[in-house]
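Student: The structure that follows is given in the form of structure tokens.
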Amino acid sequence: MSQPLDVLGGITAEQFLAEYWQKKPLLVRNALPEIANILEPNDVMELALEEHVTARLIKQKDKDPNQWSVKSSPLIKGDFQKMPKLWTLLVQAVDHYSFDLAELWKKFPFIPQWRRDDIMVSYAPKGGSVGKHFDFYDVFLVQGYGHRRWQLGQMCDANTEFVSGQPLKLLPEMQVDFDEVLAPGDLLYVPPGLSHYGVAEDDCLTFSFGFRMPNMADMMDRVSDKFASNGFLKNPMLDIQRQHSSDIGQISKAELDYLKAELLQRLQNSAELDDAIMSLMSEPKYPDNIPEPDEIEADDLREILNTGYEILLEPASRLIYSEQDAELLFWANGEQVCISEEFTAQLKQIADGQALPFDQSFDHEEILEDLAQLMNDSILMILPPAEEE
């Protein structure tokens, strides 16, 4: 049994996963006090205007707040002129631009990295919201600045009807079972499908720590792409043990069952299937956020060994691994990564969220070559020593 976690209000990860995860909400007061004032409203406004940033500006008409409009990035300063009274700015993947914010993923060590989506920030003046809605993913809503009132209602699903004629998927009504105001540091976990409605009590920032699951259509697309590029699988199958039939227009049940069984057998026992799923789950959601690296060589890295640098994952990149036949295999940003056996243990630590001191343990030719390649691919990054105050 793990230790109780402050971020979960003093319950253990096991209790949270058994009783709350994808089942019911959880409110924790002062769960993440360190998030308070990491960003302020002006920071979010400036970030929304940056190149490659994904943002949406949502407005409600002054004369009819039931009429909404949405402007998606790129946003310009002119978009913020002649603003209505009620509006909201949403900026995706803020953790890619703030190391302090990215560090807070470590507060959720009980959910694997491959389930992470991004950290979105919502800025709204008093009264601003995005309406009554629900999401298909797990989210921890954490108040970072100001106050927001949250109401939770009924569970929804893919058959739930929305308000017609609006650019947002808004619910026509919501039965309120929960009504609380969150202050900086407060956390509210909302499971998939639970309707919710957040309204700013004053100028406020809310951070959404989102956790995704793949959908079946995307997985099937990726699997079909992998199988289509496999030359062996392009060879015709062997025929079924054939018996005479005069119904030449029919595919018999036995024939159909044979074809399905062969297909499922290929899927079940194929390395291509593992590669397809791992490639999909390692794909970055916002590849444009991955920075262009400065080319580096192993000799350059050797010169700064033991000088206080740290090696860690680039925040906009994804790095995951799988154990197959007692061997760790790695995928990053949609591709399988080939590294030396000597680097495996350290790369696993980095994928598990650790920042490693760039010390003598890296002083190996193959490790330095691997490290340089992963840095040149913007999968890993190196941070200089912190300046002493």
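Student: When region 155-182 is examined, which residues are found to be more than 25 Å from the chain's Cα centre (by Cα), in contact (Cβ under 8 Å) with a residue 40 or more places away in the chain and closer than 28 Å to Ile111 by Cα?
Tutor: Phe178, Glu180
Student: Taking interchain pairs and intrachain pairs at least six residues apart, which have beta carbon atoms under 8 angstrom, with the first residue in region 284-298 and within 18 Å of His96 (Cβ to Cβ) and the second part of a helix (DSSP H, G or I)?
Tutor: Between residues of region 284-298 that are within 18 Å of His96 (Cβ to Cβ) and residues that are part of a helix (DSSP H, G or I), the close pairs are Tyr286/His96; Asn289/His96; Pro293/Met375; Pro293/Asn376.
Student: If Pro125 meets every condition in (1) at positive phi; (2) surrounded by fewer than 20 Cβ atoms within 10 Å (Cβ to Cβ) apart from one, which number is that one?
Tutor: Condition not satisfied by Pro125: (1).
Student: Let me ask you something else. From the list Leu89, Leu49, Leu104, which one is farther than 30 Å from Leu5 by Cβ, in contact with a helix residue (DSSP H, G or I) (Cβ under 7 Å, 6 or more places away or on another chain), hydrophobic (A, V, I, L, M, F, W, C) and open to solvent by less than 20 Å² (accessible area, probe 1.4 Å)?
Tutor: Only one candidate qualifies: Leu89.
Student: Then there's this: With the condition kept exactly as written, say whether any residue in region 212-224 is assigned to a loop (DSSP other than H, G, I, E, B), of a type outside the set (Gly, Ala, Ser), without any contact (Cβ under 8 Å) to a residue 60 or more places away in the chain and over 30 Å from Ser98 (Cα atoms).
Tutor: The answer is no, given that none of the residues of region 212-224 is assigned to a loop (DSSP other than H, G, I, E, B), of a type outside the set (Gly, Ala, Ser), without any contact (Cβ under 8 Å) to a residue 60 or more places away in the chain and over 30 Å from Ser98 (Cα atoms).
Student: Met213 fails exactly one of the following numbered conditions: (1) open to solvent by less than 100 Å² (accessible area, probe 1.4 Å); (2) within 30 Å of Leu104 (Cβ to Cβ); (3) in contact with a helix residue (DSSP H, G or I) (Cβ under 9 Å, 6 or more places away or on another chain). What is the number of that condition?
Tutor: (1)
Student: What strands (runs of 3 or more DSSP E), lying completely within region 260-379, carry at least 2 residues that are open to solvent by less than 30 Å² (accessible area, probe 1.4 Å)?
Tutor: Result: 310-313, 319-324, 327-332.
Student: OK, next. Among the residues of region 146-201, what is the count of those that are among the charged types (D, E, K, R) and touching a Pro at 6+ places or on another chain (Cβ under 8 Å)?
Tutor: 1
Student: Continuing with the same structure: If you take the residues of region 62-77 that are over 30 Å from Asp288 (Cβ atoms) and charged (D, E, K, R), which of them is most open to solvent (accessible area, probe 1.4 Å)?
Tutor: Lys63
Student: Looking at (1) of a type outside the set (Asp, Glu); (2) modelled with pLDDT under 95; (3) within 20 Å of Ser322 (Cα to Cα), which is the only condition Gln346 fails?
Tutor: Status for Gln346: all satisfied but (2).
Student: Let me ask another. How many residues are over 13 Å from Cys204 (Cα atoms), touching a strand residue (DSSP E or B) at 6+ places or on another chain (Cβ under 7 Å) and in a loop (DSSP other than H, G, I, E, B) when one looks only at region 23-50?
Tutor: Looking only at that region, the number is 3.
The values are calculated or read from the model by the stated rules, or taken from the named source; none is laboratory data. Remember, it's a predicted structure, so these values are computed and weren't measured experimentally. Counting neighbours? That spans all protein chains shown, and the Cβs are built from the backbone with ideal geometry, glycine included. We work out accessible area using only protein heavy atoms, side chains counted, and drop any ligands, DNA or RNA first. Shrake-Rupley method; radii C 1.70, N 1.55, O 1.52, S 1.80 Å.
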